[in-house]
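Structure record follows, encoded as structure tokens.
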Amino acid sequence: MANNALPPASRTSLRRRLDHLGIGLAGLCALHCLATLGVIASLGVGGHFLFNENIHRVGLLLAVAVAAVAIGWGLLRHGRLLPFAVALGGLALMVAALIVPHGPNEFLLTLLGVALVSAGHLLNLRAAR
């Protein structure tokens, strides 16, 4: 089908929903980081599940997929590079967090990364208005 398979209002609504999904995923990632830190620090249990690398890899893949579609779509629509650049910087920090050992550096890189990805989605929503 052609690029206009969906009516313009439906395409915009879908893109907005993807931006909102991206913001929600970023929030869940931040919550996961904070919960992991709290549970490990207070109880000393759950590290085998909460520190599982697959959780981080899947989260990063979801963040990349949603950001690529929503922010890429927004870039094509409004032509502003700032949302794309901010989100890309956040994704780079999230990748760096996967490379460093578990600890404070991973925690900070992840939180800064998800904050930037979320900010990129917010900028994308504003630019598309």
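Quick note: the coordinates plus some simple rules give every number you see, no bench work behind them. It should be emphasised that the depicted structure is a prediction, and the values quoted were computed from it without experimental measurement. A quick note on method: Cβ atoms are made from the backbone with ideal geometry, for glycine too, and the neighbour counts reach across all protein chains shown.
In table form, for the structure just shown:
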item: Note, ³J(HN,Hα) from phi for region 19-30, Karplus 6.51, -1.76, 1.60, rounded to Hz, x at Gly and Pro; result: 4, 5, 4, x, 5, x, 4, 4, x, 5, 5, 4
item: Potential lengthening between residue 107 and residue 14 on full extension [0.36 nm per residue; Cα-Cα distance subtracted]; result: 30.3 nm
item: For 17, 129, 77, order by how many other beta-carbon atoms lie within 10 Å, fewest first; result: 129, 17, 77
